């Protein structure tokens with residue numbers, strides 16, 4: 001079960017209880033708020049149930065789900081890191097990607113760029129496109145960087161496709177290749193990245209006869 005992200009109309013009262021504070025609003029708004037709060041209460045119950053399964057040590061997906069919920073709710077960072085780490089170790093690669101950010105920023109753990117890089121590499125090897133893209137930007141060698149960007153793009157990390165296209169367009173550390181530039185920018189654009197669509201239009205306008 002995945003936890004739903006709600007832009008709720010309720011607030012958190014004393015003791016962390018969810019409540020609606022909508023004095024003077026319409027009945028329909030109040031009803032909508034209470035319906036939303038019921039969903040959020042169900043999410044909390046699901047989170048607590050998953051936490052029990054995670055803490056018993058036999059459910060990596062439960063650890064991942066709890067960590068996602070707790071990250072969203074800005075709960076204790078150290079506990080979130082522990083659960084993400086357990087899920088990562090069990091092969092949940094998005095957990096590896098997400099916990100890398102905690103190591104980078106020193107949230108819940110001591111800051112370690114080396115550990116973050118190791119986790120991104122683990123996630124990338126497991127087929128996580130955004131991790132490959134993040135790893136590429138930490139890689140010094142241009143050839144290795146481009147290879148990682150290409151893998152990221154092929155795994156549907158559209159910002160990586162855009163970076164590749166712009167690199168071939170402008171010749172950033174490589175030979176200009178407008179055909180490849182169009183290809184990579186086109187992938188990013190088709191993937192829904194508006195900035196890449198704009199760049200593709202600019203490229204075409206620059207080389208138009």
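Coordinate-derived values only; no laboratory data. Note that the structure is a prediction, hence the values are computed from the model and not measured. For neighbour counting, all protein chains shown are included, and Cβ atoms are generated from backbone atoms with ideal geometry for every residue, glycine included.
Taken along the Cα-to-beta-carbon direction at a fixed 7 Å, the label points for residue 61 and residue 206 span 4.6 nm.
Rounded, prolate or oblate: which fits region 36-76 when a ≥ b ≥ c are the square roots of the eigenvalues of the alpha-carbon gyration tensor, with rounded for a/c under 1.5 and prolate only if a/b beats b/c?
Numbers: a/c = 2.67, a/b = 1.57, b/c = 1.70.
Oblate is the answer for region 36-76, as a/c is 1.5 or above yet b/c matches or exceeds a/b.
In nm, what is the difference between 0.36 nm times the number of residues separating residue 155 and residue 74 and their Cα-Cα distance? It would help to have the intermediate numbers written out before the result.
Working: separation 81, 0.36 × 81 = 29.16 nm, distance 2.92 nm.
Full extension from residue 155 to residue 74 adds 26.2 nm.
Between residue 41 and residue 107, the FRET efficiency from the beta-carbon distance, with R0 = 25 Å, is close to 0.35.
How do 147-153, 169-175 rank on mean C-beta neighbours within 10 Å, highest first?
Working: 147-153: 21.9, 169-175: 12.7.
Result, highest mean first: 147-153, 169-175.
With the simple spin-label model, which puts each label point 7 Å out from Cα in the Cβ direction, the residue 115 to residue 175 separation comes to 4.4 nm.
What is the gain in length, in nm to one decimal, between residue 138 and residue 195 on full extension, counting 0.36 nm per residue of separation less the C-alpha to C-alpha distance? So the chain would gain 18.3 nm between residue 138 and residue 195.
Fewest Cβ neighbours within 10 Å first, please rank 109, 176 accordingly. Before the final figure, lay out each step's value.
Values: 109 17, 176 12.
Going from least to most buried by this count: 176, 109.
Put in order of Cβ neighbour count within 10 Å, fewest first, the listed residues 84, 69 become 69, 84.
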